[in-house]
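One structure below.
Derivation of every value follows stated rules applied to the coordinates shown; laboratory data play no part. Just so it is clear, the structure is predicted and the values come from calculations on it, not from any experiment. No Cβ is skipped: glycine too gets one built from the backbone with ideal geometry, and neighbour counts run over all protein chains shown.
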Amino acid sequence: MGNINSGSEDSDGNYQAPVILNIYDLTPINNYTRCVGLGIFHSGIEVHGLEYGFGAHDYSASGVFEVEPKRCPGFLYRCSVQLGYTKMPPAEFRLFMEDVASEYHGDTYHLITKNCNHFTEDMAMRLTGKEIPGWVNRLARIGVMCSCLLPESLQVTTVKQSPEYHNCSEEDGSESQSTPTTREPTEIDEADQADKHLLSPTNVGGIEVSFVRESSVR
């Protein structure tokens with residue numbers, strides 16, 4: 001899934017790796033609304049040869065996933081913007097992403113207040129101190145100001161992505177472990193099951209999608 005060792009040393013001998021914002025269209029309407037600074041976009045952050053994004057599912061587990069750059073399934077790649085550089089080498093960056101995954105659970109995704117572009121904005125600021133272009137998430141900011149006018153379906157806490165984007169089927173449910181008949185399933189049990197399923201690599205149209213395992217130390 002890409003070259004995770006991408007990076008180099010600058011003239012002063014300091015390690016650095018490019019931080020790139022990859023932007024996708026969610027709808028062909030963007031071709032008409034982009035000229036007025038509006039559109040519905042998905043974005044991911046590319047570092048060390050992998051692209052990281054944030055998406056919704058129904059579980060209190062990592063919603064941060066990694067894919068091959070510029071090939072996020074379900075979206076049409078539009079363009080890339082180089083934001084700057086990070087001095088974190090691959091191993092340190094991986095630990096950083098596992099910690100970030102603890103802050104971005106799939107069931108906390110919200111189209112207006114905590115979406116994929118909020119995630120990339122946060123990553124850009126942490127890694128480079130720079131913001132992503134304003135037009136990428138402008139529609140969400142307008143939505144915050146006009147939230148009382150939005151349909152209820154756009155204001156719910158969890159926004160489901162299409163199945164091919166987040167494969168959250170319960171195909172492994174038949175292999176559940178036996179438990180005492182008097183014990184009801186708990187939220188922890190459901191989270192554990194989600195963790196096992198969501199962190200397993202999936203293959204969508206020949207593109208591997210893996211969820212980032214969140215750090216166990218908080």
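For Gly84, the residues whose amide H sits under 5 Å from its own are Val19, ignoring neighbours fewer than 5 places away on the same chain, with H placed 1.01 Å from N. Between the amide H of Tyr104 and those of Gly63, distances stay under 5 Å, these residues lying 5 or more places away or on another chain, with hydrogens modeled in the peptide plane. Our coupling estimate for the range 133-138, obtained by passing each phi through the Karplus curve with A = 6.51, B = -1.76, C = 1.60 and θ = phi - 60°, is x, x, 5, 5, 10, 4 Hz, Gly and Pro reported as x. Modelled spin-label separation between Cys79 and Asn14, with each label point placed 7 Å from Cα along the Cα-to-Cβ direction: 2.9 nm. Could you work out the local net charge near Val100, counting Lys and Arg as +1, Asp and Glu as -1, over the other residues with Cβ closer than 10 Å to its Cβ? Its environment carries a net charge of -4. Counting Lys +1, Arg +1, Asp -1, Glu -1, what net charge surrounds Lys70 among other residues with beta carbon under 11 Å of its beta carbon? Every neighbour counted, the sum reads -1.
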